[in-house]
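Engineer: Supplied in structure tokens, the structure appears directly below.
The values are calculated or read from the model by the stated rules, or taken from the named source; none is laboratory data. What you see is a predicted model; the values in this text were computed from it and never measured. Every residue, glycine among them, receives a Cβ derived from its backbone with ideal geometry; neighbour counts consider all protein chains shown. Please note that ligands, DNA and RNA were not included when accessible areas were found on the heavy atoms of the full protein model with its side chains. Shrake-Rupley method; radii C 1.70, N 1.55, O 1.52, S 1.80 Å.
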Amino acid sequence: MSSESELVINIWETFKDFVPASKRADYAVDLMRHVANYGFEASDLATIVDEDDDLTEAFEMVFEDEIDEDEEEDE
């Protein structure tokens, strides 16, 4: 697992229990947007997928364009 992924997962694990379950998806997206704004790329965070459902959905939402580009390159 990359250090970037570990950092995001550790941050998420630190505060997710303090967030109401109904708001966790929104907070996960906010976290992903913040790390994307700081220059993290999908490839930096790909190992987040399947670690946490909310983070996985947020990752796919925020990095959708990068994921689509990677899939096109693989074809």
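Engineer: Protein chains only, probe 1.4 Å: how do Leu31, Leu45 rank by accessible area, largest first?
Structural biologist: Numbers: Leu31 20, Leu45 0 Å².
Largest accessible area first, the list is Leu31, Leu45.
Engineer: What does the accessible area of Ile11 come to, in Å² to the nearest 10, when a probe of 1.4 Å is used?
Structural biologist: Rounded to the nearest 10, the figure is 70 Å².
Engineer: Also, quick follow-up: For the chain, which whole-number percentage of the solvent-accessible area (1.4 Å probe, protein heavy atoms only) is attributable to carbon and sulfur atoms?
Structural biologist: Numbers: 2220 of 5120 Å².
Here it works out to 43 percent.
Engineer: Where the centroid of each part is defined by its Cα atoms, how far is the range 4-25 from the range 40-62 in Å?
Structural biologist: If we compute the Cα centre of each part, the gap is 12 Å.
Engineer: Which value, in Å² and to the nearest 10, is the accessible area of Val49 when all protein chains are kept and the probe is 1.4 Å?
Structural biologist: For Val49, solvent-accessible area is about 50 Å².
Engineer: Given R₀ = 25 Å, FRET efficiency for Asp17-Asp50 by Cβ-Cβ distance, to 0.05?
Structural biologist: Details: r = 20 Å, r/R0 = 0.79.
Here the calculated transfer efficiency is 0.80.
Engineer: With every protein chain left in place, what is the accessible area per residue of the chain in square angstrom, probe 1.4 Å? Walk me through the numbers on the way to the answer.
Structural biologist: Working: 5120 Å² over 75 residues.
Heavy-atom SASA per residue in the chain reads 68 Å².
Engineer: Only helical DSSP H runs with n ≥ 4 go in: add -39500 (n - 2.57) per run for the chain, normalise by residue count and round the 222 nm mean residue ellipticity to 500 deg cm²/dmol. Write out the running numbers ahead of the final one.
Structural biologist: Working: 5 runs with 52 residues, N = 75.
Mean residue ellipticity at 222 nm (helix-derived): -20500 deg cm²/dmol.
Engineer: So how much accessible area does Met1 have, in Å² to the nearest 10, using a 1.4 Å probe?
Structural biologist: Result for Met1: roughly 110 Å² accessible.
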